[in-house]
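The values are calculated or read from the model by the stated rules, or taken from the named source; none is laboratory data. Predicted model only: the values in this text are computed from it and were never measured. Cβ: placed from backbone, ideal geometry, glycine included. Neighbour counts: every protein chain shown.
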Amino acid sequence: MEAGTLSGRYETAERLGSGGMSNVYKATDRILERTVAVKILAEHLSDDERFVARFRREALAVAKLIHPNIVQVYDTGVDDGRHYIVMEYVEGRSGAQILQRHGPVDPEIAAEIGIQACAGLDYAHRRGIIHRDVKPGNLMVVGGPVGGGEMTVKLTDFGIARAIEQTRITQVGSVVGTAAYLAPEQVRGEEATPATDVYALGVVLYQFLTGRLPYEGSSLAELAVRQQNEKPLPPSTYNDEVPSSLGTSVLRALEGDPNRRYASADELATGLRLGLEGEDVTLPHEEGATPTRALGGETATTRQLGRDTAQTEYRPVSPTRRPQPRVAPPPPPPVATAAAPKKRSGFSRFMRFVLAMLALVLVAAAVATAVIITTDKAAGVKVTKVAGDTVDKVVEEFKDLVNNNKEEGE
């Protein structure tokens, strides 16, 4: 679009940005004599009457959001079939531009961006408005280390995502471009809640800390599968300057189960502050982090803590403070004597073996004696004493062996 005038009031100049849904131009409000930003919707959206009607209603609702961390909407209209909205002009860079030009930012800067974004989101959520399309391109950063001076973060594009969602427009760029920031419940088609915006902002913060997405995929289906079956690696894996406590607070925002995620943007902001201070915001029922799982699952108390606070209650209980198991009392006397039958059983088997062997020896001795006597009689030798001594000796040795084993068994 060349420079021109919309509705005889807004004189457009250079283009500030473009996307699948709209083009944004810098413009001058001739009546109020101020610089504004004008977003003109793409033709495929402007031709959908249902979308335009819903978009205008959303724009009016968003116009009531007046907060330092939200780009304010001033006006909306149509000129020669071109639907537009007039917004506050922000002279800064989008989060997408910062990531593209500078890559990961300092952890403290990333946390501050998140905290300010949370302030804007919480303000909108309390008034019943869900953003539904939080991503780096919809975060404007003014000043700070990148632009100089005090940093201010402003959220933009409230309302457009809801209008698109309700009309089910799935043009290229309107869904594919934001798929990485969709919470699992959004992918499943469930109603968006404040927790869905928290998830999307968690993805943005992960990018600011690491320069990459927590989940990457070429399609919405692949992303959904990875969200379901994988856990993102801690940000410190890719950037060792990220404190582990800050990384944990971001991972908490990326929990696939909304019940384990921060329930509000305000909770996420608190978690980021605690993370910067080195506080542990790990969920109490996170696997391996607390005795509640070892004792048979989470309790109602831990569930309440997990949803309603981001304070130090989330710190895993120190092993030295874990409830010590009771020492079982010594077994009563019957228990000790219960083992005796095993010994007697073994002794009985041994005795049966000994008696069998003794009988065998006696038989053998008797046979041998008969043979010897018969042989010696033929030779005229008297051997009764010899035979008797031999048998008696064997019997006595077996008796001694039996007595010794009996004493050991007792």
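Condition first: part of a helix (DSSP H, G or I), of a type in the set (A, V, I, L, M, F, W, C) and at pLDDT 85 or above. Now tell me which residues in the range 154-196 satisfy that. Spell out how you get there, then give the answer.
First pass over the range 154-196, keeping only residues part of a helix (DSSP H, G or I): 160-167, 176-181, 184-187, 194-196.
Still in the running and of a type in the set (A, V, I, L, M, F, W, C): 160-161, 163-164, 176, 179-180, 187, 195.
180, 195 - these are the residues of the range 154-196 that are part of a helix (DSSP H, G or I), of a type in the set (A, V, I, L, M, F, W, C) and at pLDDT 85 or above.
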Spot the failing condition for residue 208; the list is (1) more than 14 Å from the chain's Cα centre (by Cα); (2) outside any helix (DSSP H, G or I); (3) aromatic (Phe, Trp, Tyr), and only one is missed. (2)
Within the range 225-237, of all residues that are surrounded by 13 or more Cβ atoms within 10 Å (Cβ to Cβ) and part of a loop (DSSP other than H, G, I, E, B), the one nearest to the chain's Cα centre (by Cα) is 231
Does residue 93 count as among the basic types (Lys, Arg) and touching a residue at least 40 places away in the same chain (Cβ under 8 Å)? yes
Unique residue being of a type outside the set (Lys, Arg), in contact (Cβ under 8 Å) with a residue 60 or more places away in the chain and surrounded by fewer than 19 Cβ atoms within 10 Å (Cβ to Cβ) when the list is 216, 241, 222, 191: 241
Would you confirm whether any residue within the range 67-78 is more than 30 Å from residue 206 (Cβ to Cβ) and in contact with a Ser or Thr (Cβ under 6 Å, 6 or more places away or on another chain)? yes
Which members of the range 95-115 meet the condition of being within 15 Å of residue 202 (Cβ to Cβ) and touching a Lys or Arg at 6+ places or on another chain (Cβ under 8 Å)? 95, 111, 115
